[in-house]
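Here is the structure we will look at, set down as structure tokens.
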Amino acid sequence: MKQIKKITCIGAGYVGGPTMSVIAQKNPDIQITVVDVNKARIAAWNDDDLSQLPIYEKGLDAVVAETRGRNLFFDTDVDKAIDEADMIFISVNTPTKTYGKGKGQAADLKFIELCARQIAAVAKDDKIVVEKSTLPVRTADALKSILDNTSNGINFHILSNPEFLAEGTAIEDLYNPDRVLIGGENIEAIEALVQLYAQWVPRERIITTNLWSSELSKLVANAFLAQRVSSINAVSELCEVTGANVEEVAKAVGMDSRIGSKFLKASVGFGGSCFQKDILNLVYIARSYKLDAVADYWEQVIIMNDHQKTRFAEKIVQTMYNTVNGKHIAFLGWAFKKDTNDTRESAAIYVADHLLDEEAQIVVYDPKVSPEQVYRDLDFLGTRTPEANRRLVKVVDDPYTALDGAHAAAVLTEWDVFKTYDWKQIKAGMKKPAFVFDGRKLLDRSQLETLGFKYYAIGE
Ligand code: NAD
Ligand code: UDX
């Protein structure tokens, strides 16, 4: 196997961008080109003003500042980058299918297939092709078949190297991963990828498996994480009717070292581009093998999550005297979690949709999400016309403006800065009684109650 000198990553998104930035930082002798069909995204990655990077991640700007133009490049010329590379990462999106067989559950692999066909068409020498995207188990079979049948007798070695970073902590996670997982068949190809990570990850944390274990492990890891959130969210509803407090229960349960304390934070429901998509995919795969009990088991994690979002919206309506018609509800947060500008599958979208059905007037403030993104998310649902979304929802760039004259505040994202606001001043400007619905258990109950707010938090 020849030495890896040039790497190409197809897909300059939330995974491709940060992952390649860190690999480039830790492997200064390897030239890395990240390519994307989205010209605006590539232009943003190349912007001199690092605050304009397309992705907000703490510490990413410093890594890009160090590597960009040295051994990290962002480009739109996909063919050239494929031609020159020894190793090609595929890091394109694999969303849930919205049409045809498997609609609403299966992963849409059209972007993956396009990449494979483009690699096969362009490649003139042997390549290692790395699945970085999250894929259904046995996708490597399909990739290999396309590559072998459409290229000109070139050798392709396929590896699976799923990414476990979480948004908001991407750089930290990349610097210090719990493990790096590499699945493959060809020992030399596996070793070439191991070497890349071994520049900074301790060898014992780089684990190698067969292709199918690696592909499946990614789906299973996300399913297990999401299952914990749905489990604690199910308990949160029980807490509300019994007088137990979900934070106390989570602490007591999580201190059992067999259970562990992480991912037991009750919330308005998990969001993000991964959990729902990957569990639906797991459910679809199980059903396609006629494993209905397995499919039903995992599907329940999604059902519980949908219930939690609806339940939060219904709690708002019910508490505000069974009507929110014409009432001004300020949303604090729109992103699916703090420290990211990503809104994919954010609980805020679904809670807003429910309240808009009840004719509420929503004013959104999020420190990192643009007004265009909020409207795109609502328009994408197709529940009402774009005009109606713009009539009922306003997006502002100042939290105090969002809350001024509001009947209620709803915390949808756990941005730390929300805790630092002057809640006394906010209360003075709100309609009375002033309600706060805390979907993230972020604020201080005793402080808000002392100020005279009617405060509701999940699981209390
Ligand atoms: P993303 O949508 O942010 O980025 C994907 C990029 O690929 C887009 O910019 C798109 O324009 C580009 N693209 C699509 N087809 C292309 C083609 N044929 N040629 C060139 N560019 C193309 O997606 P993401 O969040 O980075 O996720 C990518 C993959 O990684 C998914 O499979 C996802 O499940 C997985 N993943 C995501 C995360 C996460 O936190 N976002 C974490 C782990 C794994
Ligand atoms: C997830 C996985 O954590 C990561 O390993 C994988 O690579 C991609 O998918 P991400 O979606 O970026 O990462 O964020 P994560 O921190 O997992 O949060 C997902 C959702 O669950 C968020 O909406 C978050 O608010 C919610 N969550 C998480 C809870 O409600 N409670 C918790 O205890 C943890």
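Data overview
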| read-out | value |
| --- | --- |
| Cross-chain or 6+ apart pairs with Cβ under 8 Å, segment 406-433 first and without any contact (Cβ under 8 Å) to a residue 60 or more places away in the chain and surrounded by 20 or more Cβ atoms within 10 Å (Cβ to Cβ), then of a type outside the set (Gly, Ala, Ser) and in a helix (DSSP H, G or I) | Trp423/Gln447; Trp423/Leu448; Ile426/Tyr400; Ile426/Leu403; Met430/Leu403 |
| Which listed residue is in a loop (DSSP other than H, G, I, E, B), in the same structural domain as Ala223 (by TED's automatic domain parsing), modelled with pLDDT of 95 or more and hydroxyl-bearing (Ser, Thr, Tyr), from Ser236, Ser273 | Ser273 |
| Test: residue in segment 168-189 that is in contact with a strand residue (DSSP E or B) (Cβ under 7 Å, 6 or more places away or on another chain) and among the basic types (Lys, Arg) | yes |
| Members of segment 13-51 found to be of a type in the set (S, T, N, Q) and either under 20 Å from the mean Cα position of the chain (by Cα) or within 16 Å of ligand 2 (Cβ to nearest atom) (or both), listed by number | Thr19, Ser21, Asn38 |
| From the options Glu299, Glu240, Glu314, residue that is away from ligand 2 (no atom under 16 Å from the Cβ) and within 21 Å of the chain's Cα centre (by Cα) | Glu299 |
| Test: residue in segment 282-296 that is within 16 Å of ligand 1 (Cβ to nearest atom), outside the structural domain of Ala106 (by TED's automatic domain parsing), at pLDDT 95 or above and open to solvent by less than 10 Å² (accessible area, probe 1.4 Å) | yes |
| Residues (of a type in the set (Lys, Arg) and within 16 Å of ligand 2 (Cβ to nearest atom)) located in segment 52-84 | Lys58 |
| Residues of segment 37-72 satisfying the condition of being open to solvent by less than 20 Å² (accessible area, probe 1.4 Å) and hydroxyl-bearing (Ser, Thr, Tyr) | Thr67 |
| Condition check for Ala250: under 23 Å from Val417 (Cα atoms), surrounded by 15 or more Cβ atoms within 10 Å (Cβ to Cβ), more than 16 Å from ligand 1 (Cβ to nearest atom) and not charged (D, E, K, R) | no |
| Residue satisfying condition, being more than 29 Å from Ile187 (Cα to Cα), assigned by TED's automatic domain parsing to the domain that holds Ala189 and more than 13 Å from ligand 1 (Cβ to nearest atom), within set Lys58, Lys39 | Lys58 |
| Tabulated pairs, segment 11-22, first under 14 Å from Val64 (Cβ atoms), second among the small types (Gly, Ala, Ser), C-beta under 6 angstrom, 6+ apart or interchain | Gly16/Ser91; Pro18/Ala170 |
| Residue ID - nearest to Leu412 (Cα to Cα), chosen from residues in segment 253-263 that are open to solvent by 30 Å² or more (accessible area, probe 1.4 Å) and in contact with a helix residue (DSSP H, G or I) (Cβ under 7 Å, 6 or more places away or on another chain) | Phe263 |
| Helices (runs of 4 or more DSSP H) lying entirely in segment 350-460 (those with 2 or more residues that are touching a strand residue (DSSP E or B) at 6+ places or on another chain (Cβ under 6 Å)) | 371-381, 399-403, 445-450 |
| Segment 101-118, residues that are without any contact (Cβ under 8 Å) to a residue 40 or more places away in the chain and either on the phi > 0 side of the Ramachandran plot or β-branched (Val, Ile, Thr) (or both) | Ile112 |
| Glu172 being under 21 Å from the mean Cα position of the chain (by Cα), more than 24 Å from Tyr284 (Cβ to Cβ) and in the same structural domain as Ile82 (by TED's automatic domain parsing) | yes |
| Among the candidates Lys124, Lys144, residue that is over 18 Å from Leu211 (Cβ atoms), among the basic types (Lys, Arg) and away from ligand 2 (no atom under 16 Å from the Cβ) | Lys124 |
| Cβ-Cβ under 7 Å pairs, at least 6 apart or on other chains, segment 163-174 side acidic (Asp, Glu), far side more than 8 Å from ligand 2 (Cβ to nearest atom) and open to solvent by less than 10 Å² (accessible area, probe 1.4 Å) | Glu163/Thr19; Glu163/Lys132 |
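The values are calculated or read from the model by the stated rules, or taken from the named source; none is laboratory data. The model shown is predicted, which means the values in this text are computed figures rather than measured ones. Cβ atoms come from the backbone with ideal geometry, glycine included; neighbour counts cover every protein chain shown. Remember, those area values only see protein heavy atoms, side chains included, never the ligands or the DNA or RNA. Shrake-Rupley method; radii C 1.70, N 1.55, O 1.52, S 1.80 Å.
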